[in-house]
Structure formats: structure tokens, C-alpha cells
1. Filter the stretch 137-187 for residues that are among the basic types (Lys, Arg) and in contact with a Cys (Cβ under 9 Å, 6 or more places away or on another chain); which is farthest from Thr83 (Cα to Cα)?
2. Restrict the check to the stretch 237-255 and report whether at least one residue is outside any strand (DSSP E or B), more than 22 Å from Ile157 (Cβ to Cβ) and touching a Ser or Thr at 6+ places or on another chain (Cβ under 6 Å).
3. Say we look at the stretch 139-174 and pick out the residues that are exposed (fewer than 15 other Cβ atoms within 10 Å of the Cβ) and in a helix (DSSP H, G or I); which of these is modelled with the highest pLDDT?
4. Out of (1) at negative phi; (2) modelled with pLDDT of 85 or more, what's the single condition that is false for Pro59?
5. Go through the stretch 84-132 and give me each residue that's assigned to a strand (DSSP E or B) and free of Cβ contacts under 8 Å to residues at least 40 places away in the same chain.
6. For the stretch 233-269, name all the residues that are of a type in the set (A, V, I, L, M, F, W, C), over 20 Å from Pro308 (Cβ atoms) and surrounded by 17 or more Cβ atoms within 10 Å (Cβ to Cβ).
7. Of the residues that make up the stretch 218-229, is at least one at pLDDT below 90, polar (S, T, N, Q) and at negative phi?
8. Being assigned to a loop (DSSP other than H, G, I, E, B) and either acidic (Asp, Glu) or in contact (Cβ under 8 Å) with a residue 40 or more places away in the chain (or both) is the filter here, so list the residues in the stretch 277-310 that pass it.
Amino acid sequence: MIQEQVAVSIQQQVAASIQEQLANVGVPTKGSRSYAEVACTPPDSQPSNIRSLTMSTTPSAFTNSLYCTIDISRADEAEKAKTHPGVVRECVEREMRGIEGQERWRCVAVTKDPRNADRIRVACRNEGELTRVKEAMLKTAAATPGSRVLRDQLYPIKVDNANRTAVITETGDLRPGVIEMLEKENETKIAKIVWISRKDSMKAYGSMIVYLMKGNDAARLLQEQYFHVAGESAYTRVCEPRRRPMQCYRCQEIGHIAHTCNKPQRCAKCAQEGHRHTECDAEGLVPKCIPCGGPHESYSRNCQILHPPPVAHA
């Protein structure tokens, strides 16, 4: 009788152990969050898996990845068909292997941007390799009409309640050495800073956009919710991206795309009809932007319609 009771007790313990293991199957391990995950978290919500980044923390592979990107959205369909990841890989590897000591160099990865099929990304192992790959891709882009190499990806965060006099001068310019000071205080690399509060305001504190070089630094600062400015702690917020208006690369106007456009082809440089900007031979002519009428190309970042300036806060 006692043996039977012991056997039943053992069976119950084994069953309970199995149930516990099954309950834990499929439960995701909480790790450090990427810049994209933090940026998607509503400002008023408290993430459940925030933790400090330490030397033992392994940041997300996404946030640490370095890419050089070529954009072929302005190329015609024939050029797009010829410019695919395999061709980009071949061209980049040929250029890189021409460098002394790099005869056996290989691309670590070449992929299409999952959010934009007209962008092809070459993954790089480190910042030094990124610089060399960019030089190789510039030669590839030069041989492909309508393609361009994009600038390095930056990770913007909004910083509120920043000490005005520590960041900008009385004339509204950034103080000399302020970027280096903030890099040291916050242990990060900063590409640029844009003060978005009114520069003529006499308020002692304001807001700025800080563009960081690494996504894992942006994720860390958003998680910690603070950004140090001359010893004081300002508050970090997700930087709301401004959506670029839809632009037609046929007529260069706003509000539709080339696929649905029945207007004549217009040059994005000289604004004349009958040719593309890649075929324009108007030497010495001041460019004209079709969307805003300014003295620059219709796709320029100087266009106030395509790229409106940040809204200044009081």
C-alpha cells in the first residue's frame, strides 16, 4: 500500500514538472530593445522590459548593423531591371578587391530594403569598411543613370527642456564644441543637432533634435528618458518623422506618382519639358524647382515643399 502511494506521488510530481515546462515553451526572452521598438512605444506607456545597457548586454543586431544604400527610384525601368542585388554585389566586390590586401574580400550581405524595393543595401562589418564600400558604390551609381548613394542612416531623438545657453549662442548658432561636450556627457556619437525652439525666445530652456550615429545609443537614451546637457538632465522623446509628400518623377509635381501621370516629362533640373534630368545639358543655367519654384533641383533637400523645416516651439 505504501509503495503504491509513493508511486502515485512520484507520478504527480513528474506530471507537474512536465506541465510547468510546457507552460514555459514559446515564452520569448526579454532582451534589450531596438531603436525601432522603442520609437514605436507610445510616449505615455511604460515598456515592460526596459533595462540598463551594460557591458554584458548584447544590443540588437538591427541597431548595430552598418549599411551603405544605393537608391534606384529615379532610374528608368530598363536601368532598374539591370541594377539588382547580384549586380551591386559584383560591382562592389570588384572595386574592393582592387585595394591592396583586399584581394579575397567578400560582401557580408547584399539585400533589398524590406520597406523600399528601390533601395539595395550592402552590409558592412565596421565603420572603416563602410567608408570604402561607399566609395565603391559611388562608382557603381555613377555608371547607373538615375541612381544615387544615400547618406549614412541617422537616428534622431527629441530632447526637451534643454538648457538654451549651453547649446546655442545669443544669435541662435550652436556653441563651438557643444557636440563634443554632449557626446562625452552621454557616451554617444552625434552627427548633428538642430535647435527647434524659437531662437529669438528669451526662455532659458527649449527643445532640440539630436541626430545620433548608432541606433543602439538612441534606444538606450529613449529608454533612460534623459539626456545630459552641461550637467543638467533634459528629457528624451521619440522624434516624430515628417512624411515627405508624394512626388511624381515624370512631371515633378506633388500629389501623384509617375505610374498614373499623363503629363509631359519635365526635367528636375531646368524644369523644361521633353527630357529627364539625367539627360539635361543646360550648362550654367540656374536650376528651378517645380514644386516650390526655388533655385535648386526639384528633388533637392532645399525644397520647402518636399522638406518643410521643423516647427519651432515657443
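1. Filtering the stretch 137-187 for residues that are among the basic types (Lys, Arg) and in contact with a Cys (Cβ under 9 Å, 6 or more places away or on another chain), the one farthest from Thr83 (Cα to Cα) comes out as Lys158.
2. yes
3. Thr165
4. Single failed check for Pro59: (2).
5. Hits for the stretch 84-132 are Ala109, Val110, Thr111, Lys112, Ala117.
6. Hits for the stretch 233-269 are Ala234, Cys251, Cys267.
7. Scanning the stretch 218-229, I find no residue that is at pLDDT below 90, polar (S, T, N, Q) and at negative phi, so the answer is no.
8. Asp281, Glu283, Pro291, Glu297, Ser298, Tyr299, Ile305, Leu306, His307, Pro308, Pro310
The values are calculated or read from the model by the stated rules, or taken from the named source; none is laboratory data. For clarity, every value in this text was computed on a predicted model and none was experimentally measured. Methodologically, a virtual Cβ is constructed for each residue, glycine included, from the backbone with ideal geometry; neighbour enumeration extends over all protein chains shown.
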